[in-house]
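Chemist: Let me begin by handing over the structure; questions about it come next.
The values are calculated or read from the model by the stated rules, or taken from the named source; none is laboratory data. These figures come from a predicted structure and were not determined experimentally. Using ideal geometry, Cβ is built from the backbone for each residue, glycine included, and neighbour counts are taken over all protein chains shown. Each accessible area value is taken on the protein alone, full model and side chains, heavy atoms only, with ligands, DNA and RNA left out. Shrake-Rupley method; radii C 1.70, N 1.55, O 1.52, S 1.80 Å.
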Amino acid sequence: MKQKLITTLASLGAMLCSASSFAAQTQVIYAGSMLSGAEQTLEKQQTIVIENAMISRIEEGYVSISELGLSDATIIDLKDQFVMPGLIDMHVHVTFERDANVNPHRWLTEYEADYALRSIKYLQRSLDAGFTSVRDLGSSYKVIFPLKRAVERGDISGPRIFAAGDTITPTGGHADLHGYRKDISDVISDGLGVCDGADDCRRAVREVIKSGADVIKITATGGVLSNTAAGVSQQFTDQELVAIVDTAHNLGRSVTAHAHGISGIKAALRAGVDSIEHGSYLDQQSIKLFKKHNAYLVPTLLAGQTVSQEVLSNPHMPVAIANKVRAVVPQVEASFKLALKNNINIAFGTDSGVSRHGNNADEFQWLVKYGMTEKQAIRSATIDAAKLLGQQDKLGQLSVGKQADIISVNGSPLDDISTLKNVQFVMKAGQVYKQL
Ligand SMILES: [Zn+2]
């Protein structure tokens, strides 16, 4: 037994070594079909050359290594595959996953390391599902930034992480801690990100950035999954919102606002946020504000569907939460359709953690069901997501000079979006993580 374990560890070590040296080598992918460039035009029989984690050349036809003028390269045969850019999920919570069967008070007994260790499998599943980049919108800074660094070092496998760290919320707001005695919550929550008044909110934004935030996440309105009957209307004042956006932008961070109720959506857009998460109640006026500020909507349709199912099956869901699910989720379809009809920028986001990590691609079927073309849905998770991330120079498309984040599926997702649920090949920054 012991001998077997040692052999397994030795072969694992060899695999890891070969994976890293593999990435340094020149690789050549033969792609049967491919979504190419910023316009994502469908090309057949393409040769993609990958050097130093980047796409260095793309040639028509299947070009041999000698014809490419290379002395040595690893060939990856995807001639029977549909090859496309790695997917980007703009709204996940890497450090948790809802599970109605788990003791809801488990978190009172656990340390940050418990969260981090559980997150390793969530990250692995997300990468296996073809998501090569994720934006984490609300996880403790003590867990998410160490995880991000572990992925960057290659200690664990996962998508590239862009993270908000702790959410900026008013006292008693959606991202504050609810449902416990005040003296208990005071001990458990360090209150990073909680602020009241314009000056205090400037301080909170600065503190969250100091803790490592790549992006600022705020709760502009109440939320569905907080155990409080506070509704889903505006929670920050206009002055607080302006102070938050102004401070974040001055420090080079974009701001995304969790917002359901229309008053909070409009107030956040007027204050200049870069995107709205959920956007459950949109109206014509808010559409104008989206356009005026060139803001994005991240609709998270999967989250609504997931919690609606949970209301039916989980008798222990707190009444305050169940009532909000019943009120908010039926609004989502009409709001999404209004945004789509008016050509609002839409970026793909799932709120995974509410749903299972690794099922992120389920969002595509809702986007298409509610009116997006397959091509629009793919754009929302590639080029458009990269733009909202401010990473369009590096991510979101297969072009020379971009990061080699490349996935493949069997069959064309342009004909059947559900093919994206079965990703066959995953490369991130030139390193192969999955090849079926
Ligand atoms: Zn969320």
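Chemist: State whether region 337-390 is rounded, prolate or oblate according to the following rule on the C-alpha gyration tensor (a ≥ b ≥ c being the square roots of its eigenvalues): a/c under 1.5 gives rounded; otherwise a/b larger than b/c gives prolate, and the remaining case gives oblate.
Modeler: Oblate, because a/c is 1.5 or more while a/b does not exceed b/c.
Chemist: Extension gain Arg206-Val311, at 0.36 nm per residue separation less the Cα-Cα distance, in nm?
Modeler: 34.0 nm
Chemist: Got the relative contact order for the chain handy, in percent, Cα pairs under 8 Å and 6 or more residues apart?
Modeler: Dividing the mean separation by the residue count of the chain yields 19 percent.
Chemist: While we're here: For Asp199 and Asn422, FRET efficiency with R0 = 60 Å and r from the beta-carbon atoms, rounded to 0.05?
Modeler: 0.70
Chemist: Something else now. Cut-off under 16 Å on the C-alpha distance; same-chain residues fewer than 8 positions from Lys337 excluded. Which lysines are left, in chain and number order?
Modeler: Of all the lysines, those that pass the test against Lys337 - Cα under 16 Å, at least 8 places apart if same chain - are Lys288, Lys291, Lys369.
Chemist: Is the C-alpha gyration tensor of region 161-301 telling us rounded, prolate or oblate? Criteria: a/c under 1.5 is rounded; beyond that, a/b larger than b/c is prolate, otherwise oblate.
Modeler: oblate
Chemist: Another question about this same structure. In whole Å, how far is the Cα centre of region 214-286 from that of region 101-158?
Modeler: Taking the Cα centre of each part, region 214-286 and region 101-158 sit 25 Å apart.
Chemist: Next up: So which lysines can Lys394 reach, going by Cα to Cα under 19 Å and dropping same-chain residues fewer than 8 places off?
Modeler: Partners within reach: Lys148, Lys402, Lys428.
Chemist: When ligands, DNA and RNA are left out and all protein chains stay put, how many square angstrom of accessible area per residue does the chain have with a 1.4 Å probe?
Modeler: 43
Chemist: Mind checking the full-extension length gain between Asn250 and Lys291? Use 0.36 nm per residue of separation minus the Cα-Cα distance, one decimal, nm.
Modeler: Taking Asn250 through Lys291 to full extension adds about 12.5 nm, to one decimal.
Chemist: Taking a ≥ b ≥ c as the square roots of the Cα gyration tensor eigenvalues, with a/c under 1.5 meaning rounded and otherwise prolate when a/b beats b/c, else oblate, which class fits region 87-389?
Modeler: Judged from the Cα gyration tensor, region 87-389 comes out rounded (a/c under 1.5).
Chemist: Can you tell me the relative contact order of region 363-404? Whole percent, Cα pairs under 8 Å, sequence separation 6 or more.
Modeler: 24
Chemist: Hey, any idea what % of region 87-389's accessible area is carbon plus sulfur with a 1.4 Å probe?
Modeler: 50
Chemist: A further question follows. Which FRET efficiency, nearest 0.05, do Gln284 and Asp99 yield, Cβ-Cβ r, R0 41 Å?
Modeler: The formula returns an efficiency of 0.55 here.
Chemist: Given the chain, what percent of its DSSP beta bridges are antiparallel, to the nearest 5?
Modeler: Counting DSSP beta bridges with both partners in the chain, the antiparallel share is about 50 percent.
Chemist: In whole Hz, with x marking every Gly and Pro, tabulate ³J(HN,Hα) for region 248-257 from phi via Karplus 6.51 cos²θ - 1.76 cosθ + 1.60, θ = phi - 60°.
Modeler: 3J(HN,Hα) across region 248-257, in whole Hz: 5, 4, 5, 9, x, 10, 7, 10, 10, 10.
Chemist: Please list, in chain and number order, the residues 5+ apart from His174 or on another chain whose amide H is under 5 Å from its amide H, with Hs placed from the backbone.
Modeler: Answer set, sorted by chain and number: Gly223.
Chemist: Once both labels are modelled 7 Å past Cα along the beta-carbon direction, what's the Lys341-Ser185 spacing in nm?
Modeler: 3.9
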